[in-house]
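Student: Got a structure for you, questions after.
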Amino acid sequence: MTVWIDRHGARKDAHLARHGVTVEQADEALSDAGRVVLDPDPSARPGGRGVRTVGYSRSAGAVLCVITVTEKGITYGATAFKANTTYQGIYREANDG
């Protein structure tokens, strides 16, 4: 399960909404059986601990990129957004060959 709160305990709903995504849609992408997990996130800064999951959200009708970070055994959702063509292609290749 992914926890969608920031360092101050506030929910991430507003942050995700700025990217046109809901928490529920991000969770759908994380739960997608065909998801692709990139660990570490290839777009992370050097030393970054983020993991990029590329998965499909049925309710969004789109492939999403979801960035998570695990600390002390808890996985936190950092952000989520609609995948660009590069990550859509990675998802498609993994699922359609």
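The values are calculated or read from the model by the stated rules, or taken from the named source; none is laboratory data. Just so it is clear, the structure is predicted and the values come from calculations on it, not from any experiment. Ideal geometry is used to build each Cβ from the backbone, glycine not excepted, and the neighbour counts take in all protein chains shown.
Here's the yes/no breakdown for (1) touching a strand residue (DSSP E or B) at 6+ places or on another chain (Cβ under 9 Å); (2) buried (at least 22 other Cβ atoms within 10 Å of the Cβ); (3) aromatic (Phe, Trp, Tyr):
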residue: Thr53; (1), (2), (3): yes, yes, no
residue: Ser59; (1), (2), (3): no, no, no
residue: Ala62; (1), (2), (3): yes, no, no
residue: Ile67; (1), (2), (3): yes, no, no
residue: Lys82; (1), (2), (3): yes, no, no
residue: Asp96; (1), (2), (3): no, no, no
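Student: Collect the residues in the range 1-42 that are within 21 Å of Asn95 (Cβ to Cβ) and modelled with pLDDT under 95, keeping them in residue-number order.
Tutor: Taking the range 1-42 first, the residues within 21 Å of Asn95 (Cβ to Cβ) are 21, 25-39, 41-42.
The answer is Pro42, and nothing else.
Student: Let me ask another. Residues of the range 25-39 being out of contact with any strand residue (DSSP E or B) (no Cβ under 7 Å at 6 or more places or on another chain) and surrounded by 12 or more Cβ atoms within 10 Å (Cβ to Cβ), which ones? Show your work before the answer.
Tutor: Taking the range 25-39 first, the residues out of contact with any strand residue (DSSP E or B) (no Cβ under 7 Å at 6 or more places or on another chain) are 31, 33.
Result: Ser31, single match.
Student: Within 17 Å of Val23 (Cα to Cα) and touching a helix residue (DSSP H, G or I) at 6+ places or on another chain (Cβ under 9 Å), is that true of Leu64? Walk me through it before giving the result.
Tutor: Details: within 17 Å of Val23 (Cα to Cα): yes; touching a helix residue (DSSP H, G or I) at 6+ places or on another chain (Cβ under 9 Å): yes.
Against the criterion (within 17 Å of Val23 (Cα to Cα) and touching a helix residue (DSSP H, G or I) at 6+ places or on another chain (Cβ under 9 Å)), Leu64 qualifies.
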